[in-house]
Structure formats: structure tokens, C-alpha cells
Amino acid sequence: MIKGLYEAHLPVRDLEKSIEFYKKLDLELAYQTDKLAFFWMEKGHSWLGLWETEKVDTPYHPSLRHIAFHVSLEDIRNAGDWLKQRGIEARTAFGFSPEEQPLVLANDAHAHAAVYFHDPDGNSLELIAPLRLDTEEKLEKMSLKEWDQKYASE
């Protein structure tokens, strides 16, 4: 029945400023009103709604104001440079500096490479690529460079 996540939403303070930011991420503007804009993440499969509201001041928590964009492993390797070319800086996450990213998140039997950054309103954004799923090995957090050195022969 469920095929994936079709939409997610974030609060923004200035819709026009946010539209310009999300265009830098190469997202396609799909729909816009005075206080709402939708961007295609994958046309016909998923989109992101931005709502101009005073609720943008809701304090950040991982369950609120966070979106992770799925990218390929090849793209995550170049994500830091890709963001810099767009005038966007990676941020510190899980004790890893922006320079140590992409970092590898280890969630029991799963590992993902990720880079974290903020939009103009402080919403937490993430580029993420799966590395291993359903493994029996005990995985740990590390930089993607460390991961590559450890698992290069596999």
C-alpha cells in the first residue's frame, strides 16, 4: 500500500528568501501562493511544502523542522563542494565538524552517509545516502573517509 513519503513541510519566515534558497538546491518550484510554496524533490513522487508563518520560531528538535534528502553515494561524496558552490555551509553534527563530513551514521544494522546544513530559518537539512542495510556487523559513527579506509577492500 505505502510506496514512500510524498510530502513534508517546513515553516519559513520569508517565503521569497526561502524560495531562492531552495532553488539553489536545484529543486523545482511546483506551486506558489502568498504564504505557501511547494518544491518537487522528485517530480510526481515527492515534494516539500514551505509555509510562511510565525511558527518558524518553534525551537528545533529532531522530530520537528528536519528534512533529509536522499542522494546517491557518488553525490554524497561531493556534497560539501556542491553546497559550497551554492554559498551554503555544512554545519557541525553529532560531534563531527563540517570538514569531517560526510559522516557515517550507524543505526544498529544500518549505516548511512550524511551531510547536515541549515536553511535561512534554521530548519535542519540533510543529504543522506545508504551505505549498508541489514548487516549483522556492529557499526559505529565515523567520517566517510574513515569508512572508505576501513571497508575499501569490500
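I need the calculated FRET efficiency for the pair THR33 and GLU89, taking r as the beta carbon distance and R₀ as 30 Å, to the nearest 0.05. It would help to have the intermediate numbers written out before the result.
Numbers: r = 30 Å, r/R0 = 1.01.
For R0 = 30 Å, the calculated efficiency reads 0.50.
Restricting things to Cα coordinates, could you compute the convex hull volume per residue of the chain in Å³? Kindly include the intermediate steps, with their values, before the conclusion.
Numbers: hull volume 20.7 nm³, N = 154.
Cα-based convex hull of the chain, divided per residue, equals 134 Å³.
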For this session: Determine which lysines satisfy two conditions relative to LYS150: a Cα distance under 19 Å, and not lying fewer than 8 residues away in the same chain.
Result: LYS138, LYS141
Seminar exercise, completed: Within the set HIS118, HIS45, HIS70, GNM on the chain using Cα springs under 10 Å gives the largest fluctuation to HIS45
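Let's test the formula: R0 of 22 Å, r as the Cβ-Cβ distance of LEU73 and LYS24. What FRET efficiency results, to the nearest 0.05?
Values: r = 22 Å, r/R0 = 1.02.
The value I calculate is 0.50.
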For this session: Give the ranking of ARG13, ARG132 by solvent-accessible surface, highest area first, calculated with a 1.4 Å probe.
Result: ARG13, ARG132
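Can you send over the carbon and sulfur percentage of the accessible area for the chain, probe radius 1.4 Å, protein chains only? Before the final figure, lay out each step's value.
Numbers: 4810 of 9440 Å².
For the chain, the apolar C and S fraction of the accessible surface comes to 51 percent.
Per residue, how many Å² of accessible area does region 1-135 show with a 1.4 Å probe? Show your work: numbers first, answer last.
Details: 7830 Å² over 135 residues.
Normalised by residue count, the accessible surface of region 1-135 is 58 Å².
So, with +1 on the Cβ of K and R and -1 on the Cβ of D and E, and no other charges, what is the size of the charge dipole of the chain about its Cα centre, to the nearest 20 debye? Please list the in-between numbers first.
Working: 18 positive and 28 negative charges, 24 e Å.
Taking the Cα centre of the chain as origin, the dipole is about 120 debye.
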For this session: For region 77-154, count all C-alpha to C-alpha pairs, find those more than 21 Å apart, and express that count as a whole percent of the total.
Result: 27 percent
For this session: Quickly rank 72-83, 133-144, 105-116 as a protection proxy: mean count of other C-beta atoms within 10 Å, highest first.
Result: 105-116, 72-83, 133-144
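Can you give the relative contact order of the chain as a percent, counting alpha carbon pairs under 8 Å and 6+ residues apart? Mind dumping the intermediate values first?
On the way: 261 pairs, mean separation 31.2, N = 154.
For the chain, the relative contact order is 20 percent.
The values are calculated or read from the model by the stated rules, or taken from the named source; none is laboratory data. Nothing here was measured: the structure is a model prediction, and the numbers come from that model. Ideal geometry is used to build each Cβ from the backbone, glycine not excepted, and the neighbour counts take in all protein chains shown. Areas reflect the complete protein model, heavy atoms only, side chains present, ligands, DNA and RNA absent. Shrake-Rupley method; radii C 1.70, N 1.55, O 1.52, S 1.80 Å.
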